[in-house]
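Remarks on the structure that follows.
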Amino acid sequence: MATAQAKAGRREWIGLAVLVMVTLIISMDMTVLSYALPFITADLEPTSSQLLWITDVYAFVLAGLLIPMGTLGDRIGRRRLLMIGAAVFGAASVATALSTSPGMLIGTRAVMGAAGATLMPSTMSLIRNMFHDENERRAAIGLWAAGFSAGGVIGLVAGGALLQYFSWGTVFEINVPIMVLLLILAPLLLPEFRDPAAGRFDLLSTVLAFVAVLPTIWGIKQFAEHGADWPPVAGVVGGLVFLAVFVWRQRRLADPVIDVRLFRAPAFSAAVVMNVLANFALVGFMFFISQYLQLVLGLRPFTAGLWSLPAAAAAGVGAAVLAPVLAQRFRRAYVAAGGLLVGAAGCLVLAQVGDEVGLTQVVVGQALMTGGVAMVLTLSAELIVSTAPPERAGAAAGLSETGSQLGAALGVAILGSIGTFVYRQQLSGAAPDGVSADSWATARETLGGAVQESRTLTSAAGDTLVALARAAFAAELRAAAVVAAGILLVTAVLAAVQLRNVGASVPGQDTSGGPGGPVTPAAARPPADGSAAPDTDAATVDAAPVPVDPEPVGTVVEGAGPTGAAPGPEVRIGPPTAAPAGTRPAHPVA
């Protein structure tokens, strides 16, 4: 008999608010440093190489450890790992604020990145355990995604405001109250979950994942900043080699960090690719908007941040309202493709900016772009976490966040390279009157360099140089906007094709509680011989009632899904009902 899904109570929703605050802080830390860099440079006097590491080490370490930390949470407990990460993140934030040398700042930022890698997958995978009802889980993931999307913009505004009145260390100290609050509330509000049948944690796979992701992202960012050279090429090639070794090892382990067979499920693989490409367009293009507002339109950092708030609001509406509501009524293919088309329309609006007038286009276009893409990021996160077996939700969440970081790095690198080419082509002629060859060469590198050089020239020559550079950057932004629109259109086609057989219900889930419903870990199932189930630590699994799937899983069922859904393959999730003792659960798509 069908069993209704357990509804979340007040405790779960308040717990979600805590998780969203954590996500907001982590996202803020990726952007808040941008306004603090001039103050850090004046205070600590780092070299150019040290300044690069201060800027990037947080994201590098975060990206490299997301997958291993997600897997570790599945084994030792997701709430436990979240609390460990919160304590380390808070302590590292204080140490970062008190740094007295560039080396100390780099080291403490690296520790913050490692702690952030424990927090991100834990927050997403805990949502998987707290919200069993599909519609509630979708809404919860939407709020989670809204916090992450809005955090970057809020970080810019908060950073600009704090730096007007306080020292640069305050942009890191704001993390501490949130981490303390998490440590107090987590034991009261958040459930614990760990895979009771988890095998050993493979340290070699952790190392392989780190050395695959970190040099790849480093090489891509180096290519964007310094052009083609052997160090970034070697980094990317080396990372891809280690990635191949990592995948080879996962296919042969009984307890892999990531079960690569998950990619056989069209919904899972499409969600990962959508996540990468959507972040490619969104984050890659945000790089241009901040410069345009400040260096072309001449807005102060805090004012520029305020004009970005409509985009943060649009991201919140798209992720937390539109995506959950529309996904209840329409197929994932239509909702995802629609969000991507809205994002592409925003890019085309941004492609209309000029070198003197363009604030309206930026506000409207950025809002459309972020709102549309936020819808897609919510759907992709939901599909990734919900399609993966419950006991591997942490590893799947880590994979989702790694895809986000990789897409962002690719976007900055590729869109940045295209933009740089257009900018230099616009300034390919002879130097204007009154501008020396050296100043012209510097101006042709970046808009910021042109603004700096203009201050060393006469008023007329400086104004001419800045006007030419601003016009060139506006052309650069328009070209990047067109490319980003093309990427989103291609992704929309991919979503429409790959998700066409996914109905209004998550693959492998059925809100009726019938076959295909969520499945408990193997240890929570009754043994096949009818004997009493072994005692399980109540803290290791979510106590909410979950129906037992009466059919064997580990199969692909044709035509399963919600009423009215078109026939198509549905991925079943969870271990088989009668698994021989001492064996791992069968994989859902094996």
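Okay, residues lined up against (1) open to solvent by less than 50 Å² (accessible area, probe 1.4 Å); (2) over 18 Å from the mean Cα position of the chain (by Cα):
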{"position": "Val273", "(1), (2)": "no, no"}
{"position": "Leu282", "(1), (2)": "yes, no"}
{"position": "Phe285", "(1), (2)": "yes, no"}
{"position": "Ser290", "(1), (2)": "yes, yes"}
{"position": "Leu293", "(1), (2)": "yes, yes"}
{"position": "Phe302", "(1), (2)": "no, yes"}
{"position": "Leu306", "(1), (2)": "no, yes"}
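Quick test for you: out of Phe285, Phe268, Phe302, pick the one residue that is in a helix (DSSP H, G or I) and at pLDDT 80 or above.
Phe268
Report the residue count in the stretch 348-365 for those that are free of Cβ contacts under 8 Å to residues at least 60 places away in the same chain, surrounded by 15 or more Cβ atoms within 10 Å (Cβ to Cβ), among the aliphatic types (A, V, I, L, M) and within 12 Å of Leu293 (Cα to Cα).
Final tally of qualifying residues: 1.
Which one of these is under 16 Å from Phe473 (Cβ atoms) and crowded, with 18+ Cβ neighbours inside 10 Å: Gly407, Gly372, Gly416, Gly448?
Gly416
Looking at this structure, is Ala114 closer than 18 Å to Arg78 by Cβ and surrounded by fewer than 24 Cβ atoms within 10 Å (Cβ to Cβ)?
When the stated conditions are applied, Ala114 passes them.
All but one of (1) more than 24 Å from Val385 (Cα to Cα); (2) in contact with a Leu (Cβ under 9 Å, 6 or more places away or on another chain); (3) modelled with pLDDT of 80 or more hold for Asp43; state the number of the condition that does not hold.
All conditions are met except number (2).
Being under 16 Å from the mean Cα position of the chain (by Cα) and without any contact (Cβ under 8 Å) to a residue 60 or more places away in the chain is the filter here, so list the residues in the stretch 103-116 that pass it. Write out each step before concluding.
Of all residues in the stretch 103-116, those under 16 Å from the mean Cα position of the chain (by Cα) come to 113-116.
Within the stretch 103-116, Gly113, Ala114, Ala115 qualify.
Tally up the residues in the stretch 425-445 that are in a helix (DSSP H, G or I), open to solvent by 30 Å² or more (accessible area, probe 1.4 Å) and without any contact (Cβ under 8 Å) to a residue 40 or more places away in the chain, please.
5
Of the conditions (1) outside any helix (DSSP H, G or I); (2) under 19 Å from the mean Cα position of the chain (by Cα), Thr100 satisfies every one except a single condition; which number is it?
Against the list (1) outside any helix (DSSP H, G or I); (2) under 19 Å from the mean Cα position of the chain (by Cα), Thr100 comes up short only on (2).
Out of the stretch 281-329, which residues are more than 19 Å from Gly155 (Cβ to Cβ) and either in contact with an Asp or Glu (Cβ under 7 Å, 6 or more places away or on another chain) or not small (Gly, Ala, Ser) (or both)?
Passing the criteria: Leu295, Val296, Leu297, Val317, Val321, Leu322, Pro324, Val325, Leu326, Gln328, Arg329.
With the requirement that a residue be open to solvent by less than 70 Å² (accessible area, probe 1.4 Å) and either touching a helix residue (DSSP H, G or I) at 6+ places or on another chain (Cβ under 7 Å) or closer than 21 Å to Leu299 by Cα (or both), what does the stretch 451-467 give you?
Scanning the stretch 451-467 gives Val451, Glu453, Ser454, Leu457, Gly462, Thr464, Leu465, Val466, Ala467.
Suppose we filter Val180, Val207, Val213 for residues that are under 30 Å from Gly486 (Cβ atoms), assigned to a helix (DSSP H, G or I) and among the hydrophobic types (A, V, I, L, M, F, W, C); which single one remains?
Val213
Given the criteria in contact with a Leu (Cβ under 9 Å, 6 or more places away or on another chain), open to solvent by 10 Å² or more (accessible area, probe 1.4 Å) and either within 26 Å of Lys221 (Cβ to Cβ) or not polar (S, T, N, Q) (or both), does Leu399 qualify?
Considered against the rule, which asks whether it is in contact with a Leu (Cβ under 9 Å, 6 or more places away or on another chain), open to solvent by 10 Å² or more (accessible area, probe 1.4 Å) and either within 26 Å of Lys221 (Cβ to Cβ) or not polar (S, T, N, Q) (or both), Leu399 comes out as yes.
Is it the case, given these coordinates, that Val357 is at pLDDT 80 or above and either out of contact with any Ser or Thr (no Cβ under 6 Å at 6 or more places or on another chain) or closer than 20 Å to Val283 by Cα (or both)? Spell out how you get there, then give the answer.
Details: at pLDDT 80 or above: no; either out of contact with any Ser or Thr (no Cβ under 6 Å at 6 or more places or on another chain) or closer than 20 Å to Val283 by Cα (or both): yes.
Taking the combined requirement at face value, the residue does not satisfy it.
Is there a residue being within 19 Å of Leu477 (Cβ to Cβ), at pLDDT 85 or above and hydrophobic (A, V, I, L, M, F, W, C) anywhere in the stretch 321-328? Walk me through it before giving the result.
Restricting attention to the stretch 321-328, the residues satisfying the condition of being within 19 Å of Leu477 (Cβ to Cβ) are none.
No.
The values are calculated or read from the model by the stated rules, or taken from the named source; none is laboratory data. As the structure is a computational prediction, the values presented were derived from the model and not from experiment. Cβ: placed from backbone, ideal geometry, glycine included. Neighbour counts: every protein chain shown. Calculation scope for accessible area: heavy atoms of the full protein, side chains included, ligands and nucleic acids excluded. Shrake-Rupley method; radii C 1.70, N 1.55, O 1.52, S 1.80 Å.
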